[in-house]
1. Using r as the Cβ-Cβ distance of A:Leu75 and B:Leu612, and R0 as 51 Å, what FRET efficiency do you calculate, to the nearest 0.05?
2. Pop the C-beta distance of B:Trp203 and C:Lys287 into the FRET formula with R0 = 60 Å and round what comes out to the nearest 0.05.
3. So how do C:143-156, B:38-51, B:290-303, B:321-334 stack up, highest first, on mean other-Cβ count within 10 Å?
4. Pull out a ≥ b ≥ c, the square roots of the eigenvalues of the alpha-carbon gyration tensor of segment B:1-222, then state rounded if a/c is under 1.5, prolate if not and a/b is larger than b/c, and oblate in the remaining case.
5. Search the structure for amide H atoms under 5 Å from the amide H of C:Gly89, placed 1.01 Å from N in the peptide plane, and list their residues when 5 or more places away or on another chain.
6. What's the tally of Lys pairs in the protein assembly as shown whose alpha-carbon atoms lie under 15 angstrom apart, where the two lysines are 8 or more places apart or on different chains?
7. Regarding segment C:78-134, what are the three Cα extents along the principal axes, ordered largest first, in Å?
8. Of C:Val198, A:Tyr38, B:Ala619, whose Cα points farthest to the positive end of the dipole of the protein assembly as shown (charges on the beta-carbon: +1 Lys, Arg; -1 Asp, Glu; origin at the Cα centre)?
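Nothing in this text is a laboratory measurement; each read-out follows from the coordinates by a stated rule. Remember, it's a predicted structure, so these values are computed and weren't measured experimentally. Quick reminder, even Gly has a Cβ in these numbers, built from the backbone with ideal geometry, and neighbours come from all protein chains shown.
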Amino acid sequence: MSPLPLGQQLLDTCAALLLLLSFAMLSQRRVVALVNLYALQGAVLAAATLLLAWRTGEDHLYVSAALTLVLKVALLPWLLHRLIRRLQVYRDTEPLLNVSGTMLVGLVIVVFAFSLAQPITRLASTATRSAIGIALAVVLLAFLMMITRRKAMSQVVGFLSMENGVLFGAMSASYGMPMVVELGIALDVLVAVLVLGVFFFQIRERFDSLDLHHLESLKEHE
Amino acid sequence: MHRSVHPVVSQFPMLLVGCVALLLGWTVIGLAGLVRPRSVLLTGRLLFPLGALLGLALAVLAGASLLGGGVERLVLPVGLPNLPMHLRLDPLSSIFLVLLGASSFGISLFAGGYFRVGEGTAPGLLCLQYHLFLAAMGLVLIADDAYSFLVAWEVMALSSYFLVTTQHRIPEIRRAGFIYLLMAHVGAICLLLCFGVLQGGSWLFTFHAMRAAHLSLGWATAAFGLALVGFGAKAGLVPLHVWLPEAHPAAPSPVSALMSGVMLKTAVYGMLRVGLDLLGRPVWWWGLAPLILGLLTIVYGVLFAAVQTDMKRLLAYSSVENIGIVFTGIGLTIVFAGSGLHVLAALALLATLYHCLNHAFMKSLLFLGTGSVLHATGERNLGRLGGLIHRMPWVAWLTLIGVLAIAGLPPLNGFVSEWLLLQSFLFTGHLPHAFVNLLIPMGMALVVLGAALAGYVMVKFYGVIFLGQPREASLARAHDCGWLERIGLTWLALGCVALGLFPLQVIRALGAVTHQLIGAVVPQASSHWWLLAPVPGRPVSYEPLVFLTATLAVVLMTVFAVRLTYRQRVRRGPAWDCGAGGLTARMQDTAEGFGQPIRHLFQPFFEIERELPEPTDRAPRYRIAVRERIWRLVYEPIVGAVEGLANTAARLQRGRISVYLLYSFVTLLVLLAVALLK
Amino acid sequence: MSAIDWITQVLEVVAAVAAAPAFLGWLNQCRAWLQNRRAPSLWLPYRNLRKLFHKEAVIAEGASPLFRIAPYVVFGTMVLAAGIIPSMGTRLPLVGSADAIALVGLFAAARMFMTLAAMDVGTAFGTLGARREMMVGFLAEPALLMVIFVASQISSSTALPVITDHLASGRLGLSPGLAFSAVAFILVLLAENARIPVDNPATHLELTMIHEAMVLEYSARHLALMEWAAQLKLFNYVCIGFALFLPWGVATGHIGPMGLAVAIPALAIKLAVAGAGLALIETLSAKMRVMRIPEFLGTAFLFAVLGLLVHVLLGT
């Protein structure tokens, strides 16, 4: 195996770190730590974007990196931390599937994602195409996290992490999306978190808990 | 490819004739037991040791054939009218004959001291069944046509059935024997069909004709699948393993040792014979089935071994695990051979064969050890043993070698084969099939998990039986085994040590087999005779002798250093136990307790039935039974379906003669009509 | 093999045996500082060992010879392991005798003897400790092997010196597979050496202890050997970590006086940093319940498997 250029190596490492953080989130029970992990994932994503911008010389990627940094490392985690403090939810209850089981399913998902990404990888011409599989895996793992958790708070973090995966995938497949789309997504995410914040307060007012399990009682009974 | 390699056919098949003579000798010894069936002196002190010597001679003859690397053929004028008995001695048969002879030497010696009057079947009759069993296994290995192979296979199954049901007055043992017989015949039917496919329309049932037959891919795949089921049922591949944990505890210990150590290997031999020899060049994806089933078997076997409370049942599940390792090796061999990676295929085959040899020695040693414990204490239940290292030092220390070996610790033999298997996994490199490339790391993970769990199982096995305080007062009367048993155990333990310390010599001898089946040998990267470095171009090595010497040197140096500097004396006192006092044997962990973490962690695997005491109970009792889900999920529906079918068929039985005549009449009419239409 | 290689080999082993207690002392010091306590002396582990070597040994009445042999075997295997791990140079005479798989086997042998000795007297604590130790072991051992396999896939060899040589030369960035296995390795290291989230080396509470429960019946010189072996094990694990993930400073090729002059200070600096790092991890985490341990180690195992998968996938 010929040694890859340094930038490529670092990008690969960033990709691996993203996946690692996804798994760390999957195994984390405490909500505060979850938000911190999310911030870290944002930071790694920003670093990867920056690296890619430096390697390809695409200017809009610098903007994208800055946006990621501001929004996902600073603003959103701050909002979420404030929400946690005000709602007093520090701990998720036992997840629906135990941690080892979840991780095992995660492992299968990774294999699946990689096999799925293989044809795309062959088509793409970018230098980062080997990371497409990882991006897909990050999206699916975030999905898995949303499925296995009970508390609304961790589901929001899962949702946000999923968006990270989408962004990273777009980046590695075609050096990022058009600027307008990217800005639009960023705005969407921000609004979504604000709306969900209001939503949480409403849920708690109604049920005295953020356990989504209570929402089951809303369905119509036969 | 390797068909073109023409082995030298010697003039007169001297070694083969010798082997046949030895097998006949075993039969004669067996018959001699009937002269005075109740005499322990005749069978135990004379016939069994004599049989042991024949075993040793067989190992020597087969070893000579293996080193020579030639092929010998012989046609005996017995058998079917136009199918005389074909025999053949080639490297593949030789290595398994060595295994049979060498391990049966130890087992037969032990058996000479073991069998006594009052074991159910009379010693003389046992002697006949035992030696017929040995001779049949030998014949399976040298048979060169399907007919003699299947006859030998059936004699092997039947004689071992009678050996399993030695204590036929106990209902559970009869039930165990029935399950064994049933599974053996399910397997035998598959083999019959398999050979039927293999002859490829030529209707010639010699193996030579089968090698020459050209099968289409579909038929070849069918033959491979039938062989996998047939030999898998004999070997104990999950989900066909169910007879093993029933039959092994039921059989007398030398028989368990023989069945687990040698008979399971005849199934491995058959799998290799069909998969790599008779079918010619294998298709790579055939290998996936034994690979995946083997990996599953490893984990399944070792998990169930960890929760057992009966020592022989525990060893039976451990055998299931080891068969899993062997089939994983076979699977890898076929995947590699089919993909054209010949050196790697040879390496995987080497690991497979090496593990067969190892397991024959290790598992026989452990089963015989449990036999001695059973004789001394009358207990198979781990909950009523303990502290036997003080009463039975010979058995305890020799068993310790087997325990360390089967746990895969260097520098003993179990480590060598696991090392080889892991190396062949590791150097897979890039197979031309993306999906299999992903499977390989997962497979490796399961193999190492199985190896680590085997350590857990063995600590439980040894610690609960031999260490700690005796859990029953009666254990104080336990006595060490007799001298014949000691020789048998020592021989097997020495085998474990030798196979661990001189892997290079063994591998060189196995080269003939890999050359025969794969057409490649694993080249040796170095010229040093102590250095095991199997993969050329890869700097990997393991030196067991240096390893042992260094370990011993460091340990001895520590002992001397401490002796030199330490001035205080050593005093014996009561156990401290955190100063709690009032220590009794009941406070030790039981076998159930030791298995608890596994039960807890792998709950979905087990079907657990638990009886917990109430807080108010005067005499609290705790009982737990662990069953296999496989009975409910697979076997009970099958049994139900068969019974249903049988009931439907029973409607035919009306008890009136005229109805039966009607059946015959209708059949005749239908047959005539068919003939007419033709 | 020149004389200097042999001298380095002996030096490496002696240095490991001599420095292992000091490393533990340093770790404890860092921990005390981080927790705002007054730190014990760096030399405390040495004084403890000396004290134990001067006491009268008491052996329980029900103990078999296995009980007395075990401390020597455990200590001996750990010393040998110190010789196999390339912590100073990679061209040493002993390193060829065993590759990384054999090294893991060596650790397993030590564990086996230790647990068997713990079951030998037949106390409630001993068997409890043995069971828990095997529970840790059966997950930690495969995890460690998988970690090593990632490195050996990269350098296509399971021999530690080759791995170290390969990783020390060339690639600067941590390869993706190794990132996973590094995390797995740290988890395994904590579990195998009875450090905080898994075991608490400072207490004798039956609910928490694993390692201490196994050596309860030992006293005087036997206990000293067991403790020393445990310190050596920690030292060895940290050195394996260096060999796999931080191989800089290790003398590759034939070692000369110059190579040693670089290797020894480099090792000392790395050890100091690693000790501080471990102390930080231990301070930040809380002891887990025993039944959480399999989850912890299962995570480590899966991370290691994932590392291998990622390596295979990104490599193609």
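1. According to the calculation, E is roughly 0.40.
2. Given R0 = 60 Å and the Cβ-Cβ separation, E is 0.25.
3. B:321-334, C:143-156, B:290-303, B:38-51
4. Verdict is oblate for segment B:1-222.
5. Hits under the 5 Å cutoff: C:Ala251.
6. Summing the qualifying lysine pairs gives 4.
7. 47, 17, 14
8. Farthest towards the positive end: B:Ala619.
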